[in-house]
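A.B. asks: Below you'll find the structure I mean.
The values are calculated or read from the model by the stated rules, or taken from the named source; none is laboratory data. Being a predicted model, the structure only gives us computed values, none of them experimental. Note: ideal-geometry Cβ built from the backbone for every residue, glycine included; neighbour counts use all protein chains shown. Heavy atoms of the whole protein, side chains included, go into the accessibility calculation; ligands, DNA and RNA do not. Shrake-Rupley method; radii C 1.70, N 1.55, O 1.52, S 1.80 Å.
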Amino acid sequence: MSLAGLAERLRVGELSPREATASYLERIERANPHLNAYITVRAEEALAEAESAPRGALYGVPLAVKDVIDVAGTPTTAASRILADNVPQHDADCVARLRAAGAVILGKLNTHEFAFGATTTSPRFGPARNPWSTDRICGGSSGGSGAAAAADLAAGTLGTDTAGSIRIPACFCGVTGLRPSTGLVSNDGVVPVSWTFDAVGPIARSAEDCSLLLEAIAPRYRPEEGGVRGLRIGVVEALFERANPDVAAVASMALDELSALGVRLERTKAPLLEQAATILQAVMLPEAAQAHLGWLRTRLEDYGADVRARLLAGLLLPSTAHVTGQRARRWYCDGLRRLFDRFDLLAAPEMPIVAPSIGEQTVEVNAKSIPYRLCLMPFNSPWTLAGLPVLSVPCGFVQGLPVGLALVGRRFHDATVLRTGRAFQEAMDWHERRPTLAFDADGKASYTRG
Amino acid sequence: MGAKSSSLDLLRQLAARQGVFPTDEDLEAVLPFLEAIVPALEELERTLPPGTAPAEVSQS
């Protein structure tokens with residue numbers, strides 16, 4: 001059931017918060033051993049909190065948050081050995097707002113270590129597994145959030161996105177994820193990666209559900225009603241060409257559907273697409289190294305190898321790198337602003353591929369074998385650099401695995417992005433497709449593609 | 001071999017000056033990152049319009 005539908009049932013009393021919470025906890029208990037979506041389940045606390053949930057917009061709705069977001073009294077591990085004993089005393093701002101709206105927090109979701117990578121294969125807690133094919137990654141870093149939303153192990157989730165970490169798992173897991181405009185949602189109480197780029201946002205089944213979650217956590221956000229007729233969408237041609245042809249074809253069909261809804265499509269070029277990944281890394285890597293400097297000095301050996309290498313790269317870049325990156329970011333943003341004089345939104349495949357297998361370091365893109373981490377950058381870095389809102393909506397399947405379409409809006413025009421996603425999802429039902437969860441005689445869960 | 005060894009020595013010294021002490025294996029893992037990004041940054045510096053001021057952290 002959608003978050004919106006569940007919230008309505010709870011509001012009218014068809015279901016109590018305790019019943020809803022117990023139902024999700026039962027599902028988590030049976031399915032999580034297969035998916036590893038949760039790091040911590042707050043079973044007793046959630047049931048107790050369900051009894052006294054405030055009567056707000058999310059009254060009694062069971063949610064879960066990525067394990068870099070503080071929930072008072074529950075460990076925030078960031079999926080790392082380093083924070084194994086870290087128990088925050090206060091809720092993150094976004095969690096406090098969810099609770100004030102009546103939500104119940106079921107637990108903390110798996111993540112790439114310190115949200116600094118895109119596979120969610122923590123050396124401490126193990127990989128989150130994709131419900132569509134459990135030998136494949138969920139993407140990351142909010143991989144547990146994507147898996148939990150796809151497998152209905154929470155009515156909705158929060159993730160964080162620095163360089164694609166909401167959009168990629170939403171895409172790979174066949175759910176809807178919004179990276180909000182940078183600065184729209186408070187990062188207070190969230191383990192940082194990069195002060196320039198970090199953003200907290202929702203991953204849920206639909207754009208409507210994401211909008212409800214965003215309303216709760218972003219005081220400045222106001223949803224928009226209405227259709228999309230007359231909206232101008234720039235189709236980022238280069239990213240369609242760079243994606244695998246079968247993925248690009250699925251995303252193109254989604255554009256056809258938007259066109260049928262009255263959107264005006266025009267092919268376009270985005271500025272500095274080739275440089276975007278370099279600019280992003282020049283800013284992000286030194287900021288991450290700075291955020292981790294204390295632990296780099298005292299706990300270096302406790303990081304997973306990939307995160308340790310990235311943090312050391314940030315430490316060892318020339319001291320001018322960050323300034324060069326911020327100068328180039330201004331240059332880039334100026335170019336992108338001119339593009340948005342012509343368009344209300346941009347569109348591209350969210351990722352050029354479907355979810356790779358766990359442990360796969362290189363992927364095939366357009367018949368070339370390239371490192372996974374490099375293939376995702378051109379599709380995610382450009383929009384991050386300018387702090388733009390990006391919605392990944394499911395738009396079809398390739399080899400039985402989900403494909404996502406990225407809708408990119410002007411900064412702080414998150415409502416337009418969500419309105420467009422909602423209109424698409426009212427016309428198409430890709431977001432309703434679910435992997436089938438089945439239980440054997442011993443009560444163990446397995447997933448088959450629905 | 002000699003060039004790689006001297007690169008690792010340089011990186012080790014830079015890290016040590018910041019109070020961080022990576023192993024040779026750590027530094028060998030970092031080297032490909034730096035070998036990719038540093039030339040790309042140099043190219044970026046060459047193409048940046050002169051007089052472009054840095055964006056602020058909260059700026060887009």
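A.B. asks: Could you run through the range B:1-25 and say how many residues are open to solvent by less than 50 Å² (accessible area, probe 1.4 Å), free of Cβ contacts under 8 Å to residues at least 12 places away in the same chain and touching a helix residue (DSSP H, G or I) at 6+ places or on another chain (Cβ under 6 Å)?
C.D. replies: Number satisfying all stated conditions: 3.
A.B. asks: Looking only at residues that are within 29 Å of A:PHE125 (Cβ to Cβ) and touching a residue at least 24 places away in the same chain (Cβ under 8 Å) in the range A:306-336, which one is nearest to the other protein chains (Cβ to nearest Cβ)? Steps first, answer last, please.
C.D. replies: So in the range A:306-336, the residues within 29 Å of A:PHE125 (Cβ to Cβ) come out as A:306-316.
Right, trim to touching a residue at least 24 places away in the same chain (Cβ under 8 Å) and you get A:306-307, A:310-311, A:313-315.
On the way: A:ASP306: 8, A:VAL307: 11, A:ARG310: 7, A:LEU311: 9, A:ALA313: 4, A:GLY314: 9, A:LEU315: 6 Å.
So the residue we want is A:ALA313.
A.B. asks: Going by what's in this entry, would A:ASP302 be described as touching a helix residue (DSSP H, G or I) at 6+ places or on another chain (Cβ under 9 Å), more than 11 Å from chain B (Cβ to nearest Cβ) and open to solvent by 10 Å² or more (accessible area, probe 1.4 Å)?
C.D. replies: Numbers: touching a helix residue (DSSP H, G or I) at 6+ places or on another chain (Cβ under 9 Å): yes; more than 11 Å from chain B (Cβ to nearest Cβ): yes; open to solvent by 10 Å² or more (accessible area, probe 1.4 Å): yes.
So A:ASP302 fits the description; yes.
A.B. asks: Okay, next question. Hey, among the residues in the range A:47-84 that are in a loop (DSSP other than H, G, I, E, B) and of a type in the set (Asp, Glu), which one's surrounded by the fewest Cβ atoms within 10 Å (Cβ to Cβ)? So that I can check it myself, show each step before the final result.
C.D. replies: The initial filter retains those residues of the range A:47-84 that are in a loop (DSSP other than H, G, I, E, B), namely A:51-61, A:67-68, A:70, A:72-73, A:75-80, A:84.
Narrowing further to those that are of a type in the set (Asp, Glu): A:51, A:67, A:70.
On the way: A:GLU51: 12, A:ASP67: 30, A:ASP70: 26.
Across the range A:47-84, the extreme among qualifying residues is A:GLU51.
A.B. asks: Looking at A:GLY107, A:GLY140, which is the one that is part of a strand (DSSP E or B) and either buried (at least 24 other Cβ atoms within 10 Å of the Cβ) or of a type in the set (S, T, N, Q) (or both)? Steps first, please.
C.D. replies: On the way: A:GLY140 fails: part of a strand (DSSP E or B).
Selected residue: A:GLY107, the only one of A:GLY107, A:GLY140 that is part of a strand (DSSP E or B) and either buried (at least 24 other Cβ atoms within 10 Å of the Cβ) or of a type in the set (S, T, N, Q) (or both).
A.B. asks: Given the condition closer than 26 Å to A:THR162 by Cβ and touching a Phe, Trp or Tyr at 6+ places or on another chain (Cβ under 7 Å), answer yes or no: does some residue in the range B:22-43 qualify?
C.D. replies: Within the range B:22-43 (the criterion being closer than 26 Å to A:THR162 by Cβ and touching a Phe, Trp or Tyr at 6+ places or on another chain (Cβ under 7 Å)), the answer is no, since none of the residues qualifies.
A.B. asks: Does the range B:1-58 hold any residues that are at the interface with another protein chain (Cβ under 7 Å from one of its Cβ atoms), of a type in the set (Gly, Ala, Ser) and in a helix (DSSP H, G or I), and which are they?
C.D. replies: B:ALA15, B:ALA29, B:ALA40
A.B. asks: In addition: From the list A:GLU274, A:GLU266, exactly one residue is under 20 Å from A:LEU317 (Cβ atoms), open to solvent by 30 Å² or more (accessible area, probe 1.4 Å) and out of contact with any Ser or Thr (no Cβ under 8 Å at 6 or more places or on another chain). Which is it?
C.D. replies: Values: A:GLU266 fails: under 20 Å from A:LEU317 (Cβ atoms).
After ruling out the rest, the residue left standing is A:GLU274.
A.B. asks: Which residue out of A:GLN361, A:GLN399 is surrounded by fewer than 24 Cβ atoms within 10 Å (Cβ to Cβ) and away from chain B (no Cβ under 13 Å)?
C.D. replies: Matching residue, one of A:GLN361, A:GLN399: A:GLN399.
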